[in-house]
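Everything on this sheet refers to the single structure shown next.
The values are calculated or read from the model by the stated rules, or taken from the named source; none is laboratory data. Fair warning: this is a prediction, and the values are worked out from it, not measured in the lab. Here the Cβ is made from the backbone with ideal geometry for all residues, glycine too, and neighbour counts use every protein chain on show. Just the protein is used for accessible areas: all its heavy atoms, side chains included, with ligands, DNA and RNA removed. Shrake-Rupley method; radii C 1.70, N 1.55, O 1.52, S 1.80 Å.
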Amino acid sequence: MYSFVPKNKGIQIQYIMKKIALINGHPNHESFNFALVEAYKKGAENSGAEIKEIIIRDLVFNPNLQFGYQKRMDLEPDLLKAWEIIQWADHLVWVHPVWWGGLPAVTKGFIDRLFLPGLAFKYRENSVWWDKFLTGKTAHIITTIDQPGWYYRMFYGRPSINQLKKSTLEFCGVKPVKVTYIGIIKNSKEEQRQKWIEKVYSLGQKLK
């Protein structure tokens with residue numbers, strides 16, 4: 001169990017109302033990602049933000065977009081509720097690991113099923129352009145990796161970030177989208193993990 005007690009007890013914190021959707025994309029509830037989510041949540045609540053969580057692993061839905069965009073699948077109640085939270089929020093915080101350069105399958109399925117034409121965007125008739133329905137929202141991707149962030153960017157082209165930031169969030173109008181890499185997770189020591197917890201707490205406290 002990780003915890004963080006702010007060291008700036010004598011500093012008055014400026015409270016800013018902000019509505020944040022905290023989206024947890026890790027399928028294992030015992031993972032370090034869940035500790036990071038909790039740290040961010042505590043920091044943001046300490047700064048007066050209103051938080052609503054979407055824990056993807058707990059949602060009941062079919063992650064397979066069976067018919068592509070040719071035939072619409074009805075959204076399950078959990079997906080409808082998740083979409084209400086995304087619409088409600090000013091700021092979307094995604095926490096997920098990088099697996100094989102991409103997103104966990106359940107997180108990718110969540111995006112496939114929910115970020116649909118007519119909901120998140122709409123193609124214009126007889127045009128290469130589209131309407132973005134999530135304009136005005138911002139986002140922050142906090143992702144755990146097993147290599148240095150600079151190495152992931154330089155040698156692999158950061159595919160998971162391109163997918164979530166550029167091809168999904170910015171495509172639907174969310175901007176700006178910040179990125180924070182947490183790692184190297186593999187073989188990390190308890191002391192280092194505690195520092196990452198404190199870092200993410202601070203991000204939440206600053207409402208970033």
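Quick one: what Rg and Dmax do you get for the chain from the alpha carbons, in Å?
Calculated on Cα positions, Rg and Dmax stand at 17.5, 60 Å.
Report the relative contact order of segment 24-117, percent, no decimals, based on alpha-carbon pairs under 8 angstrom and at least 6 residues apart.
42 percent
Can you divide the C-alpha Rg of segment 64-159 by 2.2 N^0.38 Å and report the result to two decimal places?
That works out to 1.26 for segment 64-159.
Quick one: accessible area per residue over the chain, 1.4 Å probe, rounded to a whole number of Å²?
The answer is 55 Å² per residue.
Can you list residues whose amide H is under 5 Å from Lys137's amide H, if they're 5+ apart or on another chain and H is modeled 1.01 Å from N?
Lys175
Once you list every other residue whose beta carbon is under 12 Å from the beta carbon of Ala44, what net charge do they have if Lys and Arg are +1 and Asp and Glu are -1?
+2
Among the GluC sites (Glu not before Pro) in segment 23-129, which ones are in a DSSP loop with at most 10 other Cβ atoms within 10 Å of the Cβ? Mind listing them?
Glu30, Glu125
Applying the Karplus parametrisation 6.51 cos²θ - 1.76 cosθ + 1.60 with θ = phi - 60° to the phi angles of segment 18-30, what ³J(HN,Hα) value in whole Hz is obtained for each residue in order, glycine and proline being reported as x?
These are the phi-based 3J(HN,Hα) values: 8, 9, 10, 9, 9, 9, 9, x, 8, x, 10, 5, 9 Hz.
Which log10 I(q)/I(0) values does segment 24-73 give at q = 0.30 Å⁻¹ under the Debye formula, counting every alpha carbon as one identical point scatterer?
At q = 0.30 Å⁻¹ the computed log10 ratios are -1.12.
Name the long-range amide H neighbours of Ile54: under 5 Å, sequence gap of 5 or more, or other chain; modelled H, no Pro or chain starts.
Placed amide hydrogens put Leu22, Ile23, Asn24 under 5 Å from Ile54.
Give the carbon-plus-sulfur fraction of the accessible surface of segment 28-100 in %, rounded to a whole number; probe 1.4 Å, heavy atoms of protein chains only.
48 percent
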